[in-house]
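Beneath this line is the structure, given in C-alpha cells, with notes to follow.
The values are calculated or read from the model by the stated rules, or taken from the named source; none is laboratory data. The model shown is predicted, which means the values in this text are computed figures rather than measured ones. Here Cβ is always computed from backbone atoms with ideal geometry, including for glycine, and neighbour counts include all displayed protein chains. For the accessible areas, the whole protein counts, side chains as well, though only heavy atoms, and no ligand, DNA or RNA atoms are used. Shrake-Rupley method; radii C 1.70, N 1.55, O 1.52, S 1.80 Å.
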Amino acid sequence: MSYRLYGFVTQPFRVDLRMEEIKLETVTSVGKVDSSFLEEATKKSGEDLSLCYQCLKCTAGCPTAPYMDIRPNNIIRMIQMGMKREVLGSSAIWLCVSCETCGTRCPNKIDIGVLMDALREMAIKEGVPAREKNIHLLHEAFVQSIRRGGRVHEATMLIDYKLRSKDFMTDLIPGMMLFLKGKIPLLPSFIKGREEIKRIFERCTKEK
Amino acid sequence: MDYLYFPGCTLYTKAKNFDQTARNCSLLLGFELKELKNWTCCGATFPLATDNIMALLPPSRILATAREEGTALTTLCAICFNVIKRTNRLIQGDVEKRDKINNFIEKNYQGDLQVLHYLEILKKDIGFPQLKEKVKKPLAGLKAAAYYGCMLLRPFEEMEFDDKEKPALFEEFLEALGAKAIEFPYKIECCGSFQSVGSPDVATECAYKILGSAIKNGAEAMVSTCPMCTFNIDHKQSDIKQKYLDFNPIPVFYFTQLLGVAMGLDYQTLGFDQNAVDPIPLLKEKGLL
C-alpha cells in the first residue's frame, strides 16, 4: 500500500520497510476522517497540530527518527487523519527521548516532544501495549526507585528493570564493569523523611 | 560567597568524580557549594503532557525546601538543571498548577528562587577573564570538543542558557582554561539518552555520530556537562569499537575535571579511574600531569 495515496509525504531518506506492515484500517476512504483523535491529542498536548505543513524539519533533526516505525512528521499527519490505533501502538512514541530538537526547529512552533509525551500517556491510559515495552518498564522501575528511597539508586533500579523485562543478559558486562569501578554503590542512600515521600506519592496517585 | 547546591542522584553514585571535582574547584575559586538538606531525585524528565502533576512534585519539593534555605539553587547535572529550572518557570507562571502542587507537597512555594548552573556561576559571578587569571596550569595544546547535548539548551525560551543552535559559552570556558575548543556540528545533538537501557543500539549509533564528528574535526577529547551523555559517549565507546573497527576511542571529561587539572589539583583527586576511556595517557602526552 502506498502512502502517497493518502497525501503522506514520503520519507526523503532511508525508507523503512516496517512502514508497509501498518494496516490503514481507520481511514476508510479519503474525505471521511474521524477528527476526535486530533481533538483529543490537541487538548492533551496543548499544541495546535493542524498547523503542520510537513516541512520535515522535525524528522530531519530527530536523533532517533531512523529507528522509528513512523517518523515524527508522519505521526502528526496520521493524527490529523484520525489513525489512533496505529499512532498509539507505534514504537515511535516510545523511542522519543524528549531532546526537543524538533520543537526548537518547528516553524509553526509545534512542540512534538510535548505531543509524544501526551501520546505515551494516552497509550498507557487506553491500555495499548507499548511496542517498545522495555522503555515503559524502565520508566516504571525508575519511579519505584524514587518511591522506595526518595533518591534513585541505579543498582536496585536496574535489578528491578531486569526482573520486569526478563532481559538478563544485555549490558550485563558493562554493568559489572561499572560496579567494579565503584561507580554503583551496593547500598542505596536513603533520605530522612521517607514517610513524607510516601505520603506525597499516595495522595497524588489517589487524587489524580 | 556560598551557593546552595543540589547534587542529584547520579552525582552520588555513577558520577562521583563530577561532584567531587566541582566541590574541590569551587574552594579554589573562592566559593563553597553548600549541599541542600534532604534532597530527593528531581524526577529526571520534565513532564511535558499537560496533566502530569505527579512528575512535577519531586522538583517542586526540591525548590520549596531550597527556598527555605536561600534564594538561589545551583546544579551540576544538566538533566537536573533542566527539570528544576523548567518546573520553577512553570510554578512562576501557572497559578492553578502552583496551588495544586503546593497542596500536594504541603509547602507554600511561589517560584521566587533562582536556578543556576555551575557554568553560569563561572561565567557571570566569577567571569571567564578572572578565571583565566586563576588558572595555574593552562591546558595548552589540548584540543577539546565541548559537547552541550540537549538539556542545557532546550527548550531555549525556558532554559535561557545560550543560543539555541550555536551556543558558545562552553567553548569560552575551555578557551579560558587555555585549551583549544574544537567546533563540530554535532555539539548540540542528542546522545540517545535513556535509550541506552531499552534500545542500546540506538544510543550506540547516536554516540558514534557525535564522537565521529568531533574526531573528524580534530578533537582529542570530549568535554561534557551531563552524566547521562557521559555514560553514552564514554562507556559506549567499547561497543562502538566492536561495531566500527576504524574507531579510535577518545577520553571524555566532565568539565570540572578539566577545570581541576587547570587549577592544579592533584590528579589523584580528579577521579580519572572512573572514566571509561583512560584520559591519563593523553594528559601526560600534553605535559599536563
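Considering every residue within the range A:127-145, establish whether at least one is out of contact with any Cys (no Cβ under 8 Å at 6 or more places or on another chain), modelled with pLDDT of 80 or more and closer than 23 Å to B:Thr50 by Cβ. Yes, the range A:127-145 contains a residue that is out of contact with any Cys (no Cβ under 8 Å at 6 or more places or on another chain), modelled with pLDDT of 80 or more and closer than 23 Å to B:Thr50 by Cβ.
Table: residues versus (1) in contact with a Ser or Thr (Cβ under 7 Å, 6 or more places away or on another chain); (2) facing chain B (nearest Cβ under 9 Å); (3) surrounded by fewer than 20 Cβ atoms within 10 Å (Cβ to Cβ); (4) of a type outside the set (Asp, Glu).
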site: A:Cys102; (1), (2), (3), (4): no, no, no, yes
site: A:Arg105; (1), (2), (3), (4): no, yes, yes, yes
site: A:Asn108; (1), (2), (3), (4): no, no, yes, yes
site: A:Val114; (1), (2), (3), (4): yes, yes, no, yes
site: A:Leu119; (1), (2), (3), (4): no, yes, no, yes
site: A:Gly127; (1), (2), (3), (4): no, no, yes, yes
site: A:His139; (1), (2), (3), (4): no, yes, yes, yes
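Applying the set (1) at pLDDT 90 or above; (2) within 12 Å of chain B (Cβ to nearest Cβ); (3) in contact with a Cys (Cβ under 6 Å, 6 or more places away or on another chain) to A:Ile93 leaves exactly one unmet item: (3). Looking across the range B:11-39 at every residue that is of a type in the set (S, T, N, Q) and at pLDDT 90 or above, the one that is most open to solvent (accessible area, probe 1.4 Å) is identified as B:Gln20.
So the check is Cβ under 7 Å with 6+ separation or different chains; which pairs have a first residue in the range A:142-160 that's in a helix (DSSP H, G or I) and a second one that's at pLDDT 75 or above and surrounded by fewer than 18 Cβ atoms within 10 Å (Cβ to Cβ)? Filtered contacts from the range A:142-160: A:Arg147/A:Phe201; A:Asp160/A:Gln144.
Determine, yes or no, whether B:Gly264 is over 25 Å from A:Pro66 (Cα atoms) and part of a loop (DSSP other than H, G, I, E, B). When the stated conditions are applied, B:Gly264 passes them. Of the helices (runs of 4 or more DSSP H) that lie entirely inside the range A:76-134, those containing 1 or more residues that are touching a residue at least 60 places away in the same chain (Cβ under 8 Å) span A:84-88, A:112-126. When B:Gly127 is tested against (1) closer than 21 Å to B:Thr256 by Cα; (2) of a type outside the set (Phe, Trp, Tyr); (3) touching a residue at least 12 places away in the same chain (Cβ under 8 Å), exactly one condition is not met: (3). Under the condition of being part of a helix (DSSP H, G or I) and surrounded by 13 or more Cβ atoms within 10 Å (Cβ to Cβ), which residue from the range A:187-201 is modelled with the lowest pLDDT? So, considering only residues that are part of a helix (DSSP H, G or I) and surrounded by 13 or more Cβ atoms within 10 Å (Cβ to Cβ), the one modelled with the lowest pLDDT is A:Arg194.
All conditions in (1) assigned by TED's automatic domain parsing to the domain that holds B:Gly8; (2) within 23 Å of the chain's Cα centre (by Cα) hold for B:Lys134, with the sole exception of (1).
Of the residues that make up the range B:219-226, is at least one outside any helix (DSSP H, G or I), without any contact (Cβ under 8 Å) to a residue 60 or more places away in the chain and under 20 Å from B:Cys9 (Cα atoms)?
No, the range B:219-226 contains no residue that is outside any helix (DSSP H, G or I), without any contact (Cβ under 8 Å) to a residue 60 or more places away in the chain and under 20 Å from B:Cys9 (Cα atoms).
Just to be sure before I move on: is A:Lys166 more than 28 Å from B:Ile210 (Cβ to Cβ) and without any contact (Cβ under 8 Å) to a residue 60 or more places away in the chain in the structure I sent?
Values: more than 28 Å from B:Ile210 (Cβ to Cβ): yes; without any contact (Cβ under 8 Å) to a residue 60 or more places away in the chain: yes.
Against the criterion (more than 28 Å from B:Ile210 (Cβ to Cβ) and without any contact (Cβ under 8 Å) to a residue 60 or more places away in the chain), A:Lys166 qualifies.
Counted as qualifying within the range B:1-109 are the helices (runs of 4 or more DSSP H) with 3 or more residues that are in contact (Cβ under 8 Å) with a residue 60 or more places away in the chain and either touching a strand residue (DSSP E or B) at 6+ places or on another chain (Cβ under 8 Å) or of a type in the set (Gly, Ala, Ser) (or both), namely B:16-29, B:78-93. Considering only the range B:91-100, I want to know if a residue exists there that is at the interface with chain A (Cβ under 10 Å from one of its Cβ atoms), at pLDDT below 95 and touching a helix residue (DSSP H, G or I) at 6+ places or on another chain (Cβ under 6 Å). No, that holds for no residue.
Residue selection: B:Pro251 fails the criterion of being more than 18 Å from the chain's Cα centre (by Cα) and more than 11 Å from every other protein chain (Cβ to nearest Cβ).
Taking the listed residues B:Asp278, B:Asp239, the one that is within 14 Å of another protein chain (Cβ to nearest Cβ), in a loop (DSSP other than H, G, I, E, B), open to solvent by 40 Å² or more (accessible area, probe 1.4 Å) and out of contact with any Asp or Glu (no Cβ under 6 Å at 6 or more places or on another chain) is B:Asp278, with no other qualifying.
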